[in-house]
Amino acid sequence: MQGANDPFVHVFLFQCGDCGAPIATASANGERNLEQMDAQSFSLECNRCGWSGRSIGTAAKRHWVDLWGLEDGNSGSAGGMNRTEESSGTGKAV
């Protein structure tokens, strides 16, 4: 994750290229813009089978963004949780 001055946390859920297990990664950013983060490349490593590789954000099965609390280190309130496409309980399906 980047520095504490980045108020948004983007969480990506990928699928392992070998065994299909879920692989989660997070990145802090000063922007809430989903498309900008989807264009970035991420290093991935599967805890189940050991596969490792790189993938861009658009390949993620889900992508969430949350406003990160800066003063007390806590995440924003439950009401502040923003998910892509504003759909309750799901991220962006790819």
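Values quoted throughout were computed directly from the atomic coordinates according to the rules given, and no laboratory measurement underlies them. These figures come from a predicted structure and were not determined experimentally. We place every Cβ from the backbone using ideal geometry, glycine too, and count neighbours over all the protein chains shown.
What tally of residues in the range 16-50 results from selecting those that are among the charged types (D, E, K, R) and under 15 Å from Lys61 (Cα atoms)?
2
Scan the range 14-37 residue by residue and report those that are aliphatic (A, V, I, L, M) and in contact with a Gly (Cβ under 8 Å, 6 or more places away or on another chain).
Step one: list which residues in the range 14-37 are aliphatic (A, V, I, L, M), which gives 21, 23-24, 26, 28, 34, 37.
Selection gives Ala28, Met37.
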